[in-house]
Each structure stands twice: as C-alpha cells, then as structure tokens.
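In what follows, a structure is listed as structure tokens, so that the remarks can point back to it.
The values are calculated or read from the model by the stated rules, or taken from the named source; none is laboratory data. All values reported here derive from a predicted model rather than from experimental measurement. We place every Cβ from the backbone using ideal geometry, glycine too, and count neighbours over all the protein chains shown. The accessibility values were calculated without ligands, DNA or RNA, using every heavy atom of the protein model including side chains. Shrake-Rupley method; radii C 1.70, N 1.55, O 1.52, S 1.80 Å.
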Amino acid sequence: MEYQYILVETTSYTGVFLIRLNRPKELNALNRRGMEELVHAMQVLDADSSCVCIVLTGNEKAFAAGADIKEMANNTAIDMQKIDQFTRWDMLKKIKKPIIAAVSGFALGGGCELAMLCDMIIASESAQFGQPEIKIGVMPGAGGTQRLTRAVGKALAMEMVLTGRFISAQEALRAGLINKIVPTEIYLQEALKFAAEIAKMPPLALQLAKEAVLRSFETSLEEGLYFERKNFYLLFASEDQKEGMQAFVEKRQPQWKGQ
Ligand code: CAA
C-alpha cells in the first residue's frame, strides 16, 4: 500500500519503529484514507519480527485534531452506518506489539481517542487533550466516552465530553491519562528512548502481558485473573522464559529470541 498521509520510519533504536501522522496543514485530522493507511502500517509492523515496539506520533503542533470534520460534514446517518469508519479503527486494538503515543500539541476528538487506543502516552509540555465533539453537534464516536472514562474517571470524563474543555498535559498526568511529560523540544526523542527500554524486553512476554492488561477492561476480575494465569503458564513454552530465568541464576544479561 502506498502511504499518502503517514510516514513509517526505522529508528536508531533496535526494535523500535516510528509512524508519523503526516497531514500537517490539517493538523493531522484523521481522514478515512489516512486511517486505512495507519491500520495497514500497524499490521505490517505487527507481523515484522524486527519490530518489537511501535511509536505513533504527529508533529509538535498536533498529534491529531480529530476525525476529519470536512470529510464527514455532509454525510447522512446511513452513509456513516455504511462507511462505518470506526470499525477500521477497532483493528488497532488487535495489534499485539506495544504502541507508545508521542503526543505534542492537539490531541482532540478522534486524536485523543487514537492516543488512548495506544498502550502508553508520552506527552510534551504543550500537549492538550480534549473531546470537543459536543461543540460541533455530535459526541465522541471512537472510544471517547469509554476509554476516557476508564482512564480518568467519571467526573473529569463527563466534564470533558459535555463541555469540550481541553486539559493540559499536567492535568492529564494528574488524572492518569498519560505516562509522563517531557520538554516539547525533545518529546519524540524521549518517547523513542522510552520505547527502546520496552524493546529490550522479551517480545513474546511483552505481547502476552499487553494482552492480559487490556483484558482487564473487558472482563470480570475472576476471568481476568484466569486469563493472566494462562498467559503466564504459556510463556513457560518459550525459549525466552528458559533464557531469562537461566540468565538470572547465572547473573548475566539474557539474550532474547522472541520465541
Ligand atoms: N477536521 C478537518 N479539518 C481540521 C480539523 C478537523 N478535525 N481540525 C483542524 N482542521 C483544519 C482547519 O479547518 C484548518 O484548515 P484550513 O487552513 O483549510 O482552514 C487547519 O486544519 C488549521 O486549523 P485552524 O485554522 O482551526 O487552527 P487553529 O490553531 O486556529 O485551531 C483547533 C486549532 C483548536 C484544533 C481547531 O482547528 C479545532 O477546533 N479543530 C477541530 C477539533 C474538533 O472538533 N475535533 C473533533 C472532530 S470530530 C471527531 O473526532 C469524532 C470522533 O469521535 C472520532
């Protein structure tokens, strides 16, 4: 697939790949074609054994200012139902490898929802998060009422969704929406370094651990604990488990194979 709205890059960190949203004039508004490309790129990296961790970013001014309003402004409900664009977004949920969002500037509407679809968020000091759909006559449609509420709790989620108020990186950190705030000039470098730390871990264990954490949103504690235990036991079928535990006993660094 030829990419028009995203860039996929290797990085100087082993195992870390970077995807940039690349519609700067539109503040990286998420059009349908761009999201097709993003899903495709993520799936390709998920299948690529040289990739362990993915960083998704925009630019300093905008991670993404939402779904493309101009593209959908004249759609009818039936068009929306037929196009069903957010079902494509759901495919990002299925990516097994850890995804870090490196957010600077606006992460609004679908942009905030996309950041929340990632596993962790590193934000620049100038990042702003919001669900302003209410101001254009609609409401969040790609997870804003669900993931935001789970992340920050009912009070703040309700306020953001019903008033459209943006929150700063500081407020997002206090609320538990993001992992850390870094200076704007180096936000991407810091996110890549963070991803590089993760990419040093055993790839298979990363994937099964990610799967188990995400399962906690979908299920009861009892079922979640059962699922976690099965993944834990499953890892004893991997060479990396033997290597990791043997390396501990021998007081040396483990060499991961990802199998
Ligand atoms: N869709 C389409 N185009 C957008 C866009 C969006 N979501 N956000 C910004 N743009 C475009 C603007 O129309 C403008 O284009 P032109 O130069 O052709 O006029 C360009 O990007 C630059 O934007 P502004 O001139 O508005 O920049 P600003 O710095 O003055 O304001 C902003 C920045 C506050 C983010 C403002 O652009 C804004 O409010 N954007 C819309 C935010 C929004 O409502 N997002 C939710 C979208 S709906 C959604 O996401 C549904 C969902 O749940 C998935």
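Descriptive notes on the structure:
- Residue pairs meeting the criteria (Cβ under 9 Å; at least 6 apart or on separate chains; first farther than 20 Å from Arg174 by Cα, in region 132-155; second charged (D, E, K, R) and near the ligand (Cβ under 6 Å from one of its atoms)): Met139/Glu133; Pro140/Glu113; Pro140/Glu133; Gly141/Glu113; Gly141/Glu133; Ala142/Glu113; Gly143/Glu113
- Being within 16 Å of the ligand (Cβ to nearest atom), of a type outside the set (S, T, N, Q) and in a loop (DSSP other than H, G, I, E, B) is true of Glu60.
- Positions within region 109-145 being assigned to a loop (DSSP other than H, G, I, E, B) and either open to solvent by less than 20 Å² (accessible area, probe 1.4 Å) or in contact with an Asp or Glu (Cβ under 9 Å, 6 or more places away or on another chain) (or both), in sequence order: Gly109, Cys118, Ser126, Ala127, Gln131, Met139, Pro140, Gly141, Ala142, Gly143, Gly144
- Region 24-41 residues that are free of Cβ contacts under 8 Å to residues at least 60 places away in the same chain and of a type outside the set (Phe, Trp, Tyr), paired with ones that are more than 9 Å from the ligand (Cβ to nearest atom) and assigned to a loop (DSSP other than H, G, I, E, B) (beta carbon under 6 Å, 6 or more apart): Pro24/Asn59; Gly34/Tyr5; Glu37/Tyr3; Glu37/Tyr5; His40/Met1
- Pairs linking a residue in region 161-172 that is farther than 14 Å from Gly144 by Cβ and within 13 Å of the ligand (Cβ to nearest atom) to a residue that is acidic (Asp, Glu) and open to solvent by less than 70 Å² (accessible area, probe 1.4 Å), with Cβ atoms under 6 Å and 6 or more positions apart or on different chains, do not occur.
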